[in-house]
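Comments concern the structure below.
The values are calculated or read from the model by the stated rules, or taken from the named source; none is laboratory data. Everything numeric here is computed off the predicted structure, so don't read it as measured data. Ideal geometry is used to build each Cβ from the backbone, glycine not excepted, and the neighbour counts take in all protein chains shown. With ligands, DNA and RNA removed, areas are computed over all heavy atoms of the protein, side chains included. Shrake-Rupley method; radii C 1.70, N 1.55, O 1.52, S 1.80 Å.
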Amino acid sequence: MGANLAPSVNAAGFILSSTNAPRSAVGLGLLTNSQDLFGSDPFGIGIVLHVDLLFATQVISFDLKSDAGGSGSASLPIPNNPGLAGSTFFAQTVWIEGRPTGQDCSTALLHLMSSRAVSLTIQP
């Protein structure tokens, strides 16, 4: 995962991106203020989460779509709120692998796969 610019207060054009996603797929982005450093599978469905949904006090979800090359992105404008400066968030994506018609080429449970996480500290 990556970003188009450093996260800062009032960054209306902030975009998170993800590479190595399934091609032409739909993804769910998760942004929390709590990290699962080593990753775990709290739902037992075969995806490793590096965001901690249990202890987070802030959870934001967002949709992504990947292109034919497996790159996805989502616009996440950062509001003009000085109280956000210094806050750290952790983001990652969960993708649904596409299946060609009449074929089942995925070995992932429920055809889900997850990305690694990225840490974002909001600058003033």
### Message
Taking θ = phi - 60°, what integer Hz values does the Karplus form 6.51 cos²θ - 1.76 cosθ + 1.60 yield along the stretch 11-22, in sequence order, with x for Gly and Pro?
### Response
8, 5, x, 5, 10, 8, 10, 9, 10, 6, 7, x
### Query
Using modelled backbone amide H atoms (1.01 Å from N, in-plane), which distant-in-sequence or interchain residues come within less than 5 Å of residue 3's amide H?
17
### Task
Would you please give the residues with an amide H less than 5 Å from that of residue 10, counting only those at least 5 places away or on a separate chain, with H modeled from the backbone geometry?
80, 81
### Query
With every protein chain present, what is the per residue accessible area of the chain (1.4 Å probe, Å²)?
58
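How large, in Å, is the stretch 1-42 by the Kirkwood hydrodynamic radius built from its alpha-carbon pairs? Can you show the working numbers first?
Values: mean 1/r = 0.0769 Å⁻¹.
Across the stretch 1-42, the inverse of the average 1/r is 13.0 Å.
Quantify, in whole percent, the carbon and sulfur part of the accessible surface of the chain (1.4 Å probe; protein heavy atoms only). It would help to have the intermediate numbers written out before the result.
Working: 3920 of 7150 Å².
Carbon with sulfur: 55 percent of the solvent-accessible area.
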#### Entry: Loop-resident sites, the stretch 34-95, for chymotrypsin sites (Phe, Trp or Tyr not before Pro), counting at most 11 other Cβ within 10 Å (DSSP)
43, 55
### Query
About the Cα centre of the chain, what is the dipole size in debye to 20, counting +1 per Lys and Arg Cβ and -1 per Asp and Glu Cβ, all else neutral?
200
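Using the 2.2 N^0.38 Å rule of thumb for compact globular proteins, work out how the chain stacks up: its C-alpha Rg over that value, please. Don't skip to the answer; put the middle values down first.
Details: Rg = 15.2 Å, N = 124, 2.2 N^0.38 = 13.7 Å.
Taking N as the residue count of the chain, the ratio is 1.10.
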### Summary
Taking placed amide H atoms and a strict 5 Å upper bound, the residues 5 or more places from residue 87 or on another chain that come that close are 122
### Task
Counting only C-alpha contacts under 8 Å and six or more residues apart, can you give the relative contact order of the chain as a whole percent?
36
